[in-house]
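Some notes on the structure that comes next.
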Amino acid sequence: MPCPLLRRRESHTRLHLEVDGVSDGSRTRLWENIETMAIKITHDAGAPTASIEFMITHPLPDYDLEEVEAPIPRDVDPMLASQGFKDLLDETRAILDRDLPAANLEITQLTGAICHDKSVHRPGIWLVLRERNAQKAMSAAATKQVADIAETIRATFNLS
């Protein structure tokens, strides 16, 4: 069951970004779902950071990720440790290195993630971005840049 702080929308044609007016005091939650690739963006309310989680829901043969679901979390570990997944992270970092300086954002964390999808577990990409020289919550411009960067990664790797 989805968290009550989240509203979910499905779309086959365009990316939807909704900011829920409810916050748990420290985080504002954003949820985006694009066809077969779920993107979850969470902004810290009191800090200039945002996390993005890309759940891989279909095979990516270019990265030797033929199997992308497992019944238990530990069965996802070999997927995350594969050379193909490491290559996917390297190419993601290259995109971020190219796009982040103009967006006034920096990478805080980029790693693999075990994502829960109904009754299965899937590999995913976990990314944390920070707005440079900001002390409080992320600016509106940086928030938009985070969503744009998430869409760039999704589109580049045909993750939907």
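With touching a Phe, Trp or Tyr at 6+ places or on another chain (Cβ under 7 Å) and either crowded, with 20+ Cβ neighbours inside 10 Å or under 19 Å from T42 (Cβ atoms) (or both) as the only criterion, which of I114, I107, I149, I125 stands out? Show your work before the answer.
Values: I114 fails: touching a Phe, Trp or Tyr at 6+ places or on another chain (Cβ under 7 Å); I107 fails: touching a Phe, Trp or Tyr at 6+ places or on another chain (Cβ under 7 Å); I149 fails: touching a Phe, Trp or Tyr at 6+ places or on another chain (Cβ under 7 Å).
None of the others qualify; the one that does is I125.
Select from segment 102-129 the residues that are among the hydroxyl-bearing types (S, T, Y) and modelled with pLDDT of 95 or more and write down the one among them that is nearest to V68 (Cα to Cα).
T111
Please go through (1) modelled with pLDDT of 95 or more; (2) surrounded by 13 or more Cβ atoms within 10 Å (Cβ to Cβ); (3) over 21 Å from S139 (Cβ atoms); (4) not hydroxyl-bearing (S, T, Y) for L96 and return the number of the only condition it doesn't satisfy.
Failing condition for L96: (3).
Would you point out which residue out of R29, R8, R74 is of a type in the set (D, E, K, R), at pLDDT below 95 and more than 16 Å from V146 (Cβ to Cβ)?
R8
When segment 78-93 is examined, which residues are found to be touching a Pro at 6+ places or on another chain (Cβ under 7 Å), under 10 Å from D64 (Cα atoms) and of a type outside the set (F, W, Y)? Please lay out each step first, then the result.
Let us first name the residues in segment 78-93 that are touching a Pro at 6+ places or on another chain (Cβ under 7 Å), namely 79-80, 85.
Retained after the next criterion (residues that are under 10 Å from D64 (Cα atoms)): 79, 85.
Selection gives M79 alone.
For a quick check of your reading of the model, give me the residue pairs whose first member lies in segment 64-78 and is over 14 Å from L88 (Cβ atoms), whose second is of a type in the set (S, T, Y) and in a loop (DSSP other than H, G, I, E, B), with beta-carbon atoms closer than 9 Å and at least 6 apart or on different chains.
Close Cβ pairs (under 9 Å, with a partner that is of a type in the set (S, T, Y) and in a loop (DSSP other than H, G, I, E, B)) amount to E69/T57; P71/S119.
Q135: surrounded by fewer than 13 Cβ atoms within 10 Å (Cβ to Cβ), within 18 Å of H43 (Cα to Cα), in contact (Cβ under 8 Å) with a residue 40 or more places away in the chain and not β-branched (V, I, T), yes or no?
For Q135, the condition - surrounded by fewer than 13 Cβ atoms within 10 Å (Cβ to Cβ), within 18 Å of H43 (Cα to Cα), in contact (Cβ under 8 Å) with a residue 40 or more places away in the chain and not β-branched (V, I, T) - is met.
Any residue that is at pLDDT 95 or above, assigned to a strand (DSSP E or B) and touching a strand residue (DSSP E or B) at 6+ places or on another chain (Cβ under 7 Å) - is there at least one of those in segment 130-150?
yes
All but one of (1) over 18 Å from R154 (Cβ atoms); (2) out of contact with any Lys or Arg (no Cβ under 8 Å at 6 or more places or on another chain); (3) assigned to a strand (DSSP E or B) hold for A113; which doesn't?
Every listed condition holds for A113 apart from (1).
Those residues that are part of a strand (DSSP E or B) and out of contact with any helix residue (DSSP H, G or I) (no Cβ under 9 Å at 6 or more places or on another chain), I need them from segment 60-110; list them, please.
The initial filter retains those residues of segment 60-110 that are part of a strand (DSSP E or B), namely 60, 65, 70, 105-110.
Of everything in segment 60-110, those that are part of a strand (DSSP E or B) and out of contact with any helix residue (DSSP H, G or I) (no Cβ under 9 Å at 6 or more places or on another chain) turn out to be T108, Q109.
Quick one: in segment 151-160, of everything that is outside any helix (DSSP H, G or I) and of a type outside the set (F, W, Y), which residue is farthest from D99 (Cα to Cα)?
It comes out as S160.
Tally the residues that are touching a Phe, Trp or Tyr at 6+ places or on another chain (Cβ under 9 Å) and exposed (fewer than 14 other Cβ atoms within 10 Å of the Cβ), restricting the search to segment 57-85.
Selection size over segment 57-85: 2.
The values are calculated or read from the model by the stated rules, or taken from the named source; none is laboratory data. Computed from a prediction, not measured in an experiment: that's the story for all the values here. Every residue, glycine among them, receives a Cβ derived from its backbone with ideal geometry; neighbour counts consider all protein chains shown.
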